[in-house]
Amino acid sequence: MGAGRRSGRGSRVASTVIARALLLILALGSPAIAQSKQDKLPEDPYLKGDAAGMQAAGYTAFGSFPWAGEIMTGSIDEVIGDERIIWLETEHFRLGMGLEEKKLPSDPKDRRLIQADLKELKQRIPKVKTKPRRMDPWLLAHLYAFRLERIYAEFVEALAIEGDEFLSEEALRKGLSMSGRQHVLIFEKQSDLARYFARFTEVRRDQPSRWYFEDGSFLMATSAESFDQALQNDTALHCNIVFNQVHNLLDVYRGYFWDFPQWFENGMAQYFMRKVSKDWPNISLAEGQDPEIWKDPNWESKVRKRIGFEHYPRAEELMSITDPADMDFIAYMMSWSRVDFLMREESYPVGRFIYRMKDCPRPEGMMPKKLLLEHQAAMLREVLNMDYAGFDAAWSSWVKKKYKK
């Protein structure tokens, strides 16, 4: 379950398969909430467009506003249909929510996850019920806007990233707060997802995908009907969003010039996603791999056993993968474990590693694989004080202590 990569700087897209299981307001003195004309937008029963309430809930704009480049949300409404999408803008995200009303899931574990998030959301929006019978479109919009800002906060806190470090050199020159807000589109219908990509990007795509616009805007678009209706499950959709937003956050950080090696991007994405749930891993299965392989969420035990048998890809091999097509299930699992190790050991400044990785030379055109991997090896030594063999030794020893067989 996932979304994509891009092909070169300026376009970005791809997709993976599921494994079970806002008007940009630059603050020029006034924190006012902006709402442009959108006559058919149904009234929000929770905030009812109240400016003070919207601001307290963390919104900077709602209704209709510029989307990306010269695209307006109204232009998307014309393609998808009026009254189909709720538009909200927060400090770091622009969200288009097109989900239809949902029942609360019958699975107790999934229901508890939603209710816990609604309890947190209620602190910002008092009219939210923590145990609703159904999830109406506005409640879903507020819930996912809250979740998006939370993953941003968790990302920067865990990696000790200062807010202004997200600035690209171009953004710094322009004095912007970010090179571009993250854009998220959540459709109900897979056909709406396909219409969006056909009309507003350079590709035709009907599966969840990520996209990079030339103005610095990053997009993640998905639909509840994707992956054979699997994303109708709220936990699965939540995991899909978190997985892909971590990819986008890594890319927007200090400007997008090239992709991180696959072990790091996917390992980081899995690390944050598994904090939500371990039941819906986002992976691509290599051709010929048994699809049953991902149904067991106990990756810790699988990794521990492989280390015991000395049957796992070594660091130099795993960390040299730059093409998503070369990632199989074992590579995903081992990438997650390598990042899990780095993130849980305080002696490894992962945020600094990301910062210094972005200092890699930037040749014109596509980044040569050799240059990127040479820079990665140098940063492993400089920041993490490990070469590839040292990484293998430290990580495998840690796994034997931390993971149960």
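Things to note:
- From the list 84, 94, 111, the one residue that fits, being among the basic types (Lys, Arg), part of a helix (DSSP H, G or I) and in the same structural domain as residue 226 (by TED's automatic domain parsing), is 111.
- Pairing each residue of segment 185-205 that is assigned by TED's automatic domain parsing to the domain that holds residue 95 with any residue that is surrounded by 17 or more Cβ atoms within 10 Å (Cβ to Cβ) and among the basic types (Lys, Arg), provided the two are 6+ apart or on different chains, yields C-beta distances under 7 Å for 194/205; 197/205.
- Single residue of 310, 346, 317 found to be out of contact with any Leu (no Cβ under 8 Å at 6 or more places or on another chain), under 21 Å from residue 377 (Cβ atoms) and acidic (Asp, Glu): 317
- Restricting segment 102-144 to residues that are loosely packed, with under 14 Cβ neighbours inside 10 Å and touching an Asp or Glu at 6+ places or on another chain (Cβ under 9 Å), the residue that is nearest to residue 225 (Cα to Cα): 134
- Residue 370 in a helix (DSSP H, G or I) and not β-branched (Val, Ile, Thr): yes
- Screening residue 245 on (1) within 11 Å of the chain's Cα centre (by Cα); (2) outside the structural domain of residue 206 (by TED's automatic domain parsing); (3) surrounded by 24 or more Cβ atoms within 10 Å (Cβ to Cβ) shows it passes everything except condition (2).
- Options 254, 274; residue that is assigned to a loop (DSSP other than H, G, I, E, B) and not small (Gly, Ala, Ser): 254
- Selection of segment 307-322 for residues being modelled with pLDDT under 95 and assigned to a helix (DSSP H, G or I) yields only 308.
- For residue 87: the one exception among (1) in contact with a Lys or Arg (Cβ under 6 Å, 6 or more places away or on another chain); (2) buried (at least 21 other Cβ atoms within 10 Å of the Cβ): (1)
The values are calculated or read from the model by the stated rules, or taken from the named source; none is laboratory data. Here the structure is a predicted model, which is why all the values come from computation and not from measurement. Ideal geometry is used to build each Cβ from the backbone, glycine not excepted, and the neighbour counts take in all protein chains shown.
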